[in-house]
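The values are calculated or read from the model by the stated rules, or taken from the named source; none is laboratory data. Not measured: the values here are computed from a predicted model. Don't worry about glycine lacking a Cβ; one is built from the backbone with ideal geometry, like all the others, and counts go over all protein chains shown. When the accessible area is computed, the model is the full protein with side chains, heavy atoms only, and any ligands, DNA or RNA have been set aside. Shrake-Rupley method; radii C 1.70, N 1.55, O 1.52, S 1.80 Å.
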Amino acid sequence: MKLAQIEVFVIGVPPPGWGGRYWLVVKVTTDNGISGYGEVYAASVGPKAMVAVIEDVFARHMEGENPENIELMFRRAYSAGFTQRPDLTVMGAFSGLEMACWDILGKAHERPVYALLGGKMNERLRAYTYLYPLAHHDAAAFWSSPEMQVESALVAVDQGFTALKFDPAGPYTLRGGHQPSMYDIDLSVRICAALREAVGNRADLLFGTHGQFTPSGAIRLGQALEPYAPLWFEEPVPPDNLLDFAQVAQAVRIPVATGERMTTKAEFGTLLRAGGAAIVQPALGRSGGILETKKIAALAEAFGAQIAPHLYAGPVEWAANIQLAVTCPNLLLVESIQLGGEFHRPLIGDTLCVEDGYITAPTAPGLGIAFDEELARAHPYNESALHLQMQEAPCNYHGPNGFQGGASQS
(Lines give C-alpha, C1' and ligand atoms only; values in the text may rest on other atoms or scores of the structure.)
Protein backbone atom coordinates (compact mmCIF):
# COMPACT_ATOMS: atom_id res chain seq x y z
CA MET A 1 0.00 0.00 0.00
CA LYS A 2 1.48 3.32 -1.13
CA LEU A 3 0.32 6.93 -0.92
CA ALA A 4 -0.70 7.89 -4.44
CA GLN A 5 -2.64 11.16 -4.72
CA ILE A 6 -4.23 14.03 -2.84
CA GLU A 7 -7.10 16.47 -3.15
CA VAL A 8 -7.39 19.63 -1.07
CA PHE A 9 -10.77 21.12 -0.13
CA VAL A 10 -10.75 24.84 0.69
CA ILE A 11 -14.08 25.16 2.48
CA GLY A 12 -15.72 28.52 3.15
CA VAL A 13 -17.37 28.60 6.58
CA PRO A 14 -20.83 30.18 6.58
CA PRO A 15 -21.19 33.39 8.64
CA PRO A 16 -20.53 34.19 11.40
CA GLY A 17 -17.53 31.95 10.84
CA TRP A 18 -17.24 29.84 13.98
CA GLY A 19 -13.90 28.11 13.65
CA GLY A 20 -12.45 30.49 11.04
CA ARG A 21 -13.22 31.85 7.60
CA TYR A 22 -12.18 28.65 5.86
CA TRP A 23 -10.97 25.12 6.56
CA LEU A 24 -8.34 23.17 4.65
CA VAL A 25 -9.23 19.48 4.45
CA VAL A 26 -6.99 17.02 2.61
CA LYS A 27 -8.02 13.74 1.04
CA VAL A 28 -5.19 11.26 0.54
CA THR A 29 -5.74 8.12 -1.53
CA THR A 30 -3.55 5.02 -1.76
CA ASP A 31 -2.69 2.96 -4.79
CA ASN A 32 -5.19 0.31 -3.65
CA GLY A 33 -8.04 2.79 -3.37
CA ILE A 34 -8.28 3.58 0.38
CA SER A 35 -8.89 7.27 1.13
CA GLY A 36 -8.24 9.13 4.35
CA TYR A 37 -9.01 12.67 5.45
CA GLY A 38 -7.06 15.19 7.49
CA GLU A 39 -7.22 18.90 8.32
CA VAL A 40 -4.51 21.52 8.02
CA TYR A 41 -4.59 24.35 10.57
CA ALA A 42 -1.90 26.67 9.18
CA ALA A 43 -3.07 30.19 8.53
CA SER A 44 -0.02 32.44 8.13
CA VAL A 45 -0.49 32.58 4.36
CA GLY A 46 -3.60 32.59 2.18
CA PRO A 47 -5.34 29.36 1.22
CA LYS A 48 -4.02 29.29 -2.37
CA ALA A 49 -0.44 29.51 -1.12
CA MET A 50 -1.18 26.94 1.57
CA VAL A 51 -2.60 24.49 -0.96
CA ALA A 52 0.68 24.78 -2.86
CA VAL A 53 2.62 24.03 0.34
CA ILE A 54 0.43 20.99 1.06
CA GLU A 55 0.95 19.66 -2.46
CA ASP A 56 4.70 20.21 -2.23
CA VAL A 57 5.03 18.49 1.15
CA PHE A 58 3.07 15.51 -0.14
CA ALA A 59 5.00 15.21 -3.42
CA ARG A 60 8.39 15.78 -1.82
CA HIS A 61 8.11 13.69 1.35
CA MET A 62 5.13 11.33 1.16
CA GLU A 63 4.04 10.33 -2.34
CA GLY A 64 4.86 6.67 -3.03
CA GLU A 65 5.57 5.97 0.65
CA ASN A 66 3.87 3.36 2.83
CA PRO A 67 1.38 5.26 5.07
CA GLU A 68 2.70 3.24 8.03
CA ASN A 69 6.03 5.06 7.86
CA ILE A 70 4.80 8.17 9.67
CA GLU A 71 7.95 8.72 11.71
CA LEU A 72 10.11 8.68 8.57
CA MET A 73 7.81 11.09 6.72
CA PHE A 74 7.72 13.42 9.72
CA ARG A 75 11.54 13.56 9.86
CA ARG A 76 11.69 14.30 6.14
CA ALA A 77 9.29 17.23 6.43
CA TYR A 78 10.73 18.51 9.72
CA SER A 79 14.31 18.48 8.43
CA ALA A 80 13.69 19.51 4.81
CA GLY A 81 15.96 22.12 3.31
CA PHE A 82 18.35 21.94 6.28
CA THR A 83 15.61 23.29 8.58
CA GLN A 84 15.19 20.75 11.39
CA ARG A 85 13.27 23.14 13.63
CA PRO A 86 9.59 23.99 14.20
CA ASP A 87 8.02 25.55 11.09
CA LEU A 88 4.35 26.37 11.55
CA THR A 89 3.46 26.34 7.86
CA VAL A 90 5.28 23.16 6.83
CA MET A 91 4.22 21.36 9.99
CA GLY A 92 0.64 22.50 9.42
CA ALA A 93 0.69 20.95 5.96
CA PHE A 94 2.25 17.76 7.26
CA SER A 95 -0.18 17.56 10.20
CA GLY A 96 -3.22 17.30 7.95
CA LEU A 97 -1.55 14.80 5.65
CA GLU A 98 -0.43 12.74 8.64
CA MET A 99 -3.99 12.62 10.00
CA ALA A 100 -5.10 11.27 6.65
CA CYS A 101 -2.47 8.52 6.89
CA TRP A 102 -3.88 7.43 10.23
CA ASP A 103 -7.40 7.48 8.78
CA ILE A 104 -6.15 5.22 5.97
CA LEU A 105 -4.43 2.83 8.38
CA GLY A 106 -7.48 2.58 10.60
CA LYS A 107 -9.69 1.83 7.62
CA ALA A 108 -7.20 -0.73 6.29
CA HIS A 109 -7.18 -2.55 9.63
CA GLU A 110 -10.89 -1.86 10.32
CA ARG A 111 -10.04 -0.28 13.67
CA PRO A 112 -10.36 3.22 15.16
CA VAL A 113 -7.13 5.21 15.10
CA TYR A 114 -6.87 5.11 18.88
CA ALA A 115 -6.63 1.30 18.75
CA LEU A 116 -3.38 1.71 16.81
CA LEU A 117 -1.97 4.28 19.28
CA GLY A 118 -2.08 2.36 22.54
CA GLY A 119 -5.77 1.67 22.77
CA LYS A 120 -8.64 3.01 24.80
CA MET A 121 -7.77 4.78 28.03
CA ASN A 122 -10.88 6.98 28.17
CA GLU A 123 -14.32 5.68 27.25
CA ARG A 124 -15.90 9.13 27.69
CA LEU A 125 -14.16 12.44 27.05
CA ARG A 126 -15.12 15.47 29.08
CA ALA A 127 -15.89 18.28 26.63
CA TYR A 128 -16.00 22.02 26.97
CA THR A 129 -17.75 24.63 24.91
CA TYR A 130 -17.13 28.26 24.10
CA LEU A 131 -19.89 30.62 25.14
CA TYR A 132 -21.76 31.81 22.05
CA PRO A 133 -24.61 34.29 21.52
CA LEU A 134 -28.07 32.77 21.64
CA ALA A 135 -30.57 33.44 18.89
CA HIS A 136 -32.18 36.39 20.70
CA HIS A 137 -28.89 38.05 21.63
CA ASP A 138 -27.32 41.09 20.01
CA ALA A 139 -24.19 39.36 18.69
CA ALA A 140 -22.07 42.52 18.80
CA ALA A 141 -23.02 43.29 22.39
CA PHE A 142 -22.77 39.72 23.64
CA TRP A 143 -19.01 39.62 24.20
CA SER A 144 -19.06 42.43 26.77
CA SER A 145 -22.38 41.58 28.44
CA PRO A 146 -22.22 39.61 31.71
CA GLU A 147 -25.98 39.08 31.54
CA MET A 148 -25.93 37.54 28.05
CA GLN A 149 -22.89 35.42 28.86
CA VAL A 150 -24.71 34.07 31.90
CA GLU A 151 -27.73 33.14 29.75
CA SER A 152 -25.50 31.20 27.35
CA ALA A 153 -23.66 29.58 30.25
CA LEU A 154 -26.87 28.31 31.80
CA VAL A 155 -27.97 26.80 28.48
CA ALA A 156 -24.60 25.03 28.18
CA VAL A 157 -24.75 23.74 31.74
CA ASP A 158 -28.28 22.44 31.11
CA GLN A 159 -26.83 20.55 28.12
CA GLY A 160 -24.43 18.82 30.49
CA PHE A 161 -21.25 20.86 29.99
CA THR A 162 -19.07 21.14 33.07
CA ALA A 163 -16.53 23.55 31.59
CA LEU A 164 -17.18 26.87 29.83
CA LYS A 165 -14.71 29.06 27.94
CA PHE A 166 -14.99 32.80 27.38
CA ASP A 167 -12.53 35.60 26.60
CA PRO A 168 -13.72 39.13 27.35
CA ALA A 169 -10.33 40.89 27.49
CA GLY A 170 -9.43 42.34 24.08
CA PRO A 171 -8.01 43.45 21.78
CA TYR A 172 -6.06 40.88 19.75
CA THR A 173 -3.48 43.04 18.04
CA LEU A 174 -0.47 42.35 15.84
CA ARG A 175 1.62 44.63 18.07
CA GLY A 176 2.58 41.92 20.54
CA GLY A 177 1.95 42.07 24.25
CA HIS A 178 0.40 45.12 25.91
CA GLN A 179 -0.90 46.12 29.32
CA PRO A 180 -4.63 45.46 29.72
CA SER A 181 -6.81 48.52 30.12
CA MET A 182 -8.60 49.00 33.41
CA TYR A 183 -11.84 48.69 31.46
CA ASP A 184 -10.84 45.21 30.29
CA ILE A 185 -9.72 44.13 33.75
CA ASP A 186 -13.00 45.37 35.22
CA LEU A 187 -15.09 43.69 32.50
CA SER A 188 -13.22 40.41 32.94
CA VAL A 189 -13.81 40.46 36.68
CA ARG A 190 -17.50 41.31 36.29
CA ILE A 191 -18.06 38.49 33.78
CA CYS A 192 -16.14 35.98 35.92
CA ALA A 193 -18.13 37.02 39.00
CA ALA A 194 -21.46 36.78 37.18
CA LEU A 195 -20.67 33.37 35.70
CA ARG A 196 -19.40 31.96 38.98
CA GLU A 197 -22.52 33.15 40.79
CA ALA A 198 -24.77 31.70 38.06
CA VAL A 199 -23.19 28.26 37.65
CA GLY A 200 -21.80 27.83 41.17
CA ASN A 201 -19.91 24.55 41.39
CA ARG A 202 -21.63 22.98 38.38
CA ALA A 203 -18.98 24.08 35.88
CA ASP A 204 -15.37 25.15 35.62
CA LEU A 205 -14.63 28.56 34.14
CA LEU A 206 -11.99 28.62 31.42
CA PHE A 207 -10.63 32.15 31.00
CA GLY A 208 -9.29 32.66 27.50
CA THR A 209 -6.99 35.28 26.12
CA HIS A 210 -5.13 35.14 22.83
CA GLY A 211 -1.58 35.98 23.80
CA GLN A 212 -2.21 39.70 23.89
CA PHE A 213 -0.51 40.75 27.13
CA THR A 214 2.99 41.36 28.37
CA PRO A 215 3.98 39.08 31.26
CA SER A 216 3.39 41.88 33.78
CA GLY A 217 0.06 42.76 32.17
CA ALA A 218 -1.03 39.13 32.24
CA ILE A 219 -0.08 38.93 35.91
CA ARG A 220 -2.18 42.00 36.74
CA LEU A 221 -5.20 40.51 34.99
CA GLY A 222 -4.69 36.98 36.29
CA GLN A 223 -4.38 38.07 39.91
CA ALA A 224 -7.65 40.01 39.59
CA LEU A 225 -9.40 36.80 38.45
CA GLU A 226 -8.09 34.52 41.18
CA PRO A 227 -11.11 34.90 43.54
CA TYR A 228 -13.33 33.18 40.94
CA ALA A 229 -11.10 30.07 40.68
CA PRO A 230 -10.89 29.60 36.90
CA LEU A 231 -9.60 26.21 35.84
CA TRP A 232 -7.17 27.88 33.49
CA PHE A 233 -5.68 31.14 32.22
CA GLU A 234 -5.27 30.50 28.50
CA GLU A 235 -2.36 31.82 26.43
CA PRO A 236 -1.80 34.91 28.60
CA VAL A 237 1.27 36.07 26.62
CA PRO A 238 2.33 35.81 22.97
CA PRO A 239 3.77 32.41 21.99
CA ASP A 240 6.99 33.77 20.50
CA ASN A 241 8.88 33.75 23.82
CA LEU A 242 8.21 30.41 25.46
CA LEU A 243 10.04 31.40 28.65
CA ASP A 244 7.59 34.23 29.40
CA PHE A 245 4.87 31.75 30.31
CA ALA A 246 6.84 30.62 33.35
CA GLN A 247 6.90 34.17 34.70
CA VAL A 248 3.10 34.27 34.61
CA ALA A 249 2.70 30.74 35.97
CA GLN A 250 4.84 31.57 38.99
CA ALA A 251 2.90 34.73 39.84
CA VAL A 252 -0.74 33.75 39.21
CA ARG A 253 -2.65 31.12 41.19
CA ILE A 254 -4.59 29.94 38.15
CA PRO A 255 -3.18 27.09 36.01
CA VAL A 256 -1.67 28.43 32.79
CA ALA A 257 -2.85 26.70 29.61
CA THR A 258 -1.32 27.25 26.19
CA GLY A 259 -0.30 25.65 22.92
CA GLU A 260 -2.78 26.57 20.18
CA ARG A 261 -0.07 28.38 18.19
CA MET A 262 2.82 26.04 18.97
CA THR A 263 4.12 23.17 16.91
CA THR A 264 6.07 19.96 17.57
CA LYS A 265 7.54 18.52 20.73
CA ALA A 266 10.47 20.94 20.43
CA GLU A 267 8.35 23.95 21.39
CA PHE A 268 6.19 22.11 23.91
CA GLY A 269 9.28 20.56 25.48
CA THR A 270 10.82 23.98 26.07
CA LEU A 271 7.56 25.26 27.53
CA LEU A 272 7.27 22.32 29.93
CA ARG A 273 10.91 22.35 31.01
CA ALA A 274 10.55 26.03 31.88
CA GLY A 275 7.48 25.35 34.02
CA GLY A 276 5.35 27.54 31.77
CA ALA A 277 2.14 25.52 31.62
CA ALA A 278 0.09 23.11 33.70
CA ILE A 279 -2.17 22.37 30.72
CA VAL A 280 -1.02 22.02 27.10
CA GLN A 281 -3.42 22.75 24.24
CA PRO A 282 -1.98 21.46 20.97
CA ALA A 283 -4.02 21.99 17.83
CA LEU A 284 -3.53 18.76 15.90
CA GLY A 285 -3.79 20.48 12.53
CA ARG A 286 -0.55 22.35 13.19
CA SER A 287 1.22 20.59 16.08
CA GLY A 288 2.79 17.92 13.85
CA GLY A 289 -0.04 15.44 13.55
CA ILE A 290 -1.43 12.67 15.72
CA LEU A 291 1.80 10.78 16.48
CA GLU A 292 3.78 13.94 17.25
CA THR A 293 1.01 15.16 19.55
CA LYS A 294 0.95 11.78 21.29
CA LYS A 295 4.60 12.49 22.09
CA ILE A 296 3.68 15.98 23.33
CA ALA A 297 1.06 14.43 25.61
CA ALA A 298 3.66 12.01 26.96
CA LEU A 299 6.06 14.89 27.65
CA ALA A 300 3.28 16.69 29.50
CA GLU A 301 2.55 13.58 31.54
CA ALA A 302 6.21 13.38 32.62
CA PHE A 303 6.07 17.01 33.78
CA GLY A 304 2.81 16.57 35.71
CA ALA A 305 0.83 18.54 33.11
CA GLN A 306 -2.47 17.65 31.43
CA ILE A 307 -3.59 17.88 27.83
CA ALA A 308 -6.66 19.65 26.42
CA PRO A 309 -6.60 19.53 22.59
CA HIS A 310 -7.55 22.90 21.09
CA LEU A 311 -10.11 23.46 18.34
CA TYR A 312 -10.34 26.65 16.33
CA ALA A 313 -10.80 24.82 13.06
CA GLY A 314 -13.15 22.33 11.45
CA PRO A 315 -14.57 18.94 12.39
CA VAL A 316 -11.83 16.78 10.85
CA GLU A 317 -9.32 18.22 13.31
CA TRP A 318 -11.94 17.65 16.01
CA ALA A 319 -12.13 13.99 15.01
CA ALA A 320 -8.34 13.67 15.26
CA ASN A 321 -8.40 15.38 18.67
CA ILE A 322 -10.92 12.83 19.86
CA GLN A 323 -8.92 9.83 18.63
CA LEU A 324 -5.83 11.10 20.45
CA ALA A 325 -7.74 12.04 23.60
CA VAL A 326 -9.12 8.51 23.96
CA THR A 327 -5.53 7.26 24.47
CA CYS A 328 -4.22 9.86 26.96
CA PRO A 329 -4.05 9.13 30.69
CA ASN A 330 -3.43 12.82 31.37
CA LEU A 331 -6.42 14.09 29.41
CA LEU A 332 -8.23 17.03 30.99
CA LEU A 333 -10.73 18.27 28.40
CA VAL A 334 -11.54 18.27 24.68
CA GLU A 335 -12.72 21.49 23.06
CA SER A 336 -15.98 21.30 21.14
CA ILE A 337 -17.79 23.71 18.86
CA GLN A 338 -21.26 23.02 20.17
CA LEU A 339 -23.74 25.87 20.40
CA GLY A 340 -22.06 27.66 17.49
CA GLY A 341 -21.13 24.69 15.31
CA GLU A 342 -24.08 24.18 13.01
CA PHE A 343 -21.78 23.63 10.00
CA HIS A 344 -19.26 21.38 11.74
CA ARG A 345 -21.32 18.31 12.38
CA PRO A 346 -23.05 17.95 8.97
CA LEU A 347 -19.64 18.12 7.25
CA ILE A 348 -18.68 14.83 8.92
CA GLY A 349 -22.08 13.23 8.54
CA ASP A 350 -23.08 13.90 12.16
CA THR A 351 -20.84 11.00 13.15
CA LEU A 352 -19.49 12.70 16.29
CA CYS A 353 -21.42 14.62 18.90
CA VAL A 354 -21.42 15.78 22.50
CA GLU A 355 -24.04 14.25 24.80
CA ASP A 356 -24.48 15.41 28.39
CA GLY A 357 -21.14 17.20 28.20
CA TYR A 358 -19.16 14.14 27.09
CA ILE A 359 -17.97 12.56 23.85
CA THR A 360 -18.12 8.77 23.69
CA ALA A 361 -15.12 7.06 22.14
CA PRO A 362 -16.08 6.34 18.50
CA THR A 363 -16.00 2.78 17.21
CA ALA A 364 -15.94 3.28 13.44
CA PRO A 365 -12.65 2.66 11.57
CA GLY A 366 -10.06 5.39 11.07
CA LEU A 367 -11.04 8.83 12.33
CA GLY A 368 -14.62 7.59 12.64
CA ILE A 369 -16.17 10.19 10.34
CA ALA A 370 -18.11 10.25 7.06
CA PHE A 371 -16.73 13.36 5.36
CA ASP A 372 -19.31 14.94 3.06
CA GLU A 373 -17.37 15.90 -0.08
CA GLU A 374 -20.49 17.21 -1.79
CA LEU A 375 -21.19 19.62 1.07
CA ALA A 376 -17.53 20.69 1.10
CA ARG A 377 -17.56 21.44 -2.63
CA ALA A 378 -20.80 23.40 -2.24
CA HIS A 379 -19.00 25.84 0.08
CA PRO A 380 -15.79 26.89 -1.69
CA TYR A 381 -13.72 29.74 -0.29
CA ASN A 382 -12.77 32.21 -3.04
CA GLU A 383 -11.75 35.24 -1.00
CA SER A 384 -8.36 36.60 0.06
CA ALA A 385 -8.76 37.16 3.81
CA LEU A 386 -6.82 34.91 6.16
CA HIS A 387 -8.42 32.26 8.37
CA LEU A 388 -8.40 34.78 11.25
CA GLN A 389 -7.00 38.32 11.09
CA MET A 390 -5.56 40.41 13.90
CA GLN A 391 -6.23 44.05 14.69
CA GLU A 392 -3.61 46.64 13.73
CA ALA A 393 -4.90 49.39 16.04
CA PRO A 394 -3.47 49.43 19.56
CA CYS A 395 -5.38 48.83 22.78
CA ASN A 396 -7.95 51.52 23.55
CA TYR A 397 -7.45 52.85 27.07
CA HIS A 398 -10.42 55.25 26.93
CA GLY A 399 -13.19 52.68 26.55
CA PRO A 400 -14.11 49.17 25.48
CA ASN A 401 -11.99 47.02 23.20
CA GLY A 402 -14.77 45.36 21.26
CA PHE A 403 -14.27 42.13 19.31
CA GLN A 404 -16.34 39.28 17.90
CA GLY A 405 -15.10 36.47 20.09
CA GLY A 406 -14.82 33.21 18.19
CA ALA A 407 -16.43 34.57 15.03
CA SER A 408 -14.11 35.45 12.16
CA GLN A 409 -16.81 37.28 10.16
CA SER A 410 -19.09 40.12 11.12
Rounded to the nearest Å, what's the spacing between the alpha carbon centres of the range 252-276 and the range 128-149? Just the number, please. 29 Å
For the range 219-225, just list the computed ³J(HN,Hα) in residue order, Karplus coefficients 6.51, -1.76 and 1.60, θ = phi - 60°, integers in Hz, with x standing in for Gly and Pro. 5, 4, 5, x, 5, 5, 8
Sequence-distant aspartates and glutamates (8 or more away, or on other chains) whose Cα lies within less than 19 Å of LYS2: ASP31, GLU55, ASP56, GLU63, GLU65, GLU68, GLU71, GLU98, ASP103, GLU110
So who's got an amide H within less than 5 Å of the one on PHE207, skipping anything under 5 residues away but keeping other chains? H placed 1.01 Å off N, in plane. LEU231, TRP232, GLU234
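What is the ratio of the Cα radius of gyration of the range 1-131 to 2.2 N^0.38 Å, where N is its residue count, to two decimals? Walk me through the numbers on the way to the answer.
Numbers: Rg = 15.6 Å, N = 131, 2.2 N^0.38 = 14.0 Å.
Normalised Cα radius of gyration, the range 1-131: 1.12.
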The range 179-222 to the range 14-43: how many Å between their Cα centroids? 33 Å
Express the relative contact order of the range 257-376 as a whole percentage, based on alpha carbon pairs under 8 Å and six or more residues apart in sequence. 20 percent
What is the set of long-range amide H partners of TYR22 at a cut-off below 5 Å, with H atoms built 1.01 Å from backbone N? VAL13
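Hey, if we sort THR263, THR363 by accessible area with the 1.4 Å probe, largest down, what's the order?
On the way: THR263 5, THR363 115 Å².
Ranked list, largest accessible area first: THR363, THR263.
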Enter the angle in degrees (range 0 to 90, nearest 10) between the Cα long axis of helix 70-79 and the first principal axis of the Cα atoms of the chain, meaning the one along which they spread out most. 70 degrees
DSSP-defined beta bridges in the chain - what % are antiparallel, rounded to 5: 50 percent
Given H placed on each backbone N at 1.01 Å, which residues far from THR351 in sequence or on other chains put an amide H within less than 5 Å of it? ALA370
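According to the Kirkwood expression over distinct Cα-Cα pairs, how big is the hydrodynamic radius of the range 262-323, in Å? Each step should come with its number before you reach the end.
Values: mean 1/r = 0.0878 Å⁻¹.
Hydrodynamic radius (Kirkwood, Cα pairs) of the range 262-323 is 11.4 Å.
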Using only Cα atoms, what Kirkwood radius does the range 162-227 have, in angstroms? 12.3 Å
Using alpha carbon centers only, the range 151-173 is separated from the range 314-337 by a whole-angstrom value of 19 Å
How large is the charge dipole for the range 53-114, taken about the Cα centre, if only the Cβ atoms of Lys, Arg (+1) and Asp, Glu (-1) carry charge, to the nearest 20 debye? 160 debye
Can you bin every Cα-Cα distance in the range 60-175 into 10 Å intervals starting at zero and give me the percent of pairs per bin, rounded to whole numbers? 11, 24, 20, 25, 18, 2
Given bins 5 angstrom wide, list per bin the percent of all Cα-Cα distances in the range 205-313, short to long. 2, 14, 27, 25, 19, 9, 3, 0
Put +1 on the Cβ of each Lys and Arg and -1 on the Cβ of each Asp and Glu in the chain; which of LEU195, ALA49, GLN250 then has its Cα farthest toward the positive end of the dipole? GLN250
I'd like the Karplus ³J(HN,Hα) series for the range 9-14: coefficients 6.51, -1.76, 1.60, θ = phi - 60°, whole numbers in Hz, and an x wherever there's a Gly or Pro. 9, 9, 9, x, 8, x
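After finding the eigenvalues of the alpha carbon gyration tensor for the chain, what semi-axes result from the square roots of 5 times each, listed largest first in whole Å? Please list the in-between numbers first.
Working: eigenvalues 219, 98, 88 Å².
One finds semi-axes of 33, 22, 21 Å for the chain.
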Given points 7 Å out from each Cα along the Cα-Cβ axis, report the SER216 to TYR397 separation in nanometres with one decimal. 1.2 nm
With +1 on the Cβ of every Lys and Arg and -1 on the Cβ of every Asp and Glu, the dipole magnitude of the chain about its Cα centre, in debye rounded to the nearest 20, is 780 debye
How do SER216, SER287 rank by accessible surface area computed with a 1.4 Å probe, from largest to smallest? SER216, SER287
In the chain the accessible area split gives carbon plus sulfur, as whole percent at 1.4 Å, a share of 51 percent
What whole-number value in Å² describes the accessible area per residue of the range 73-144 for a 1.4 Å probe? 42 Å²
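With all pairs of different alpha carbon atoms counted, what Kirkwood hydrodynamic radius in Å does the range 258-410 show? Don't jump to the answer; show the numbers that get you there.
Details: mean 1/r = 0.0580 Å⁻¹.
Computed over Cα pairs of the range 258-410, the Kirkwood hydrodynamic radius comes out at 17.2 Å.
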Can you pull the three principal axis extents for the Cα set of the range 97-164, in Å, largest first? 50, 25, 16
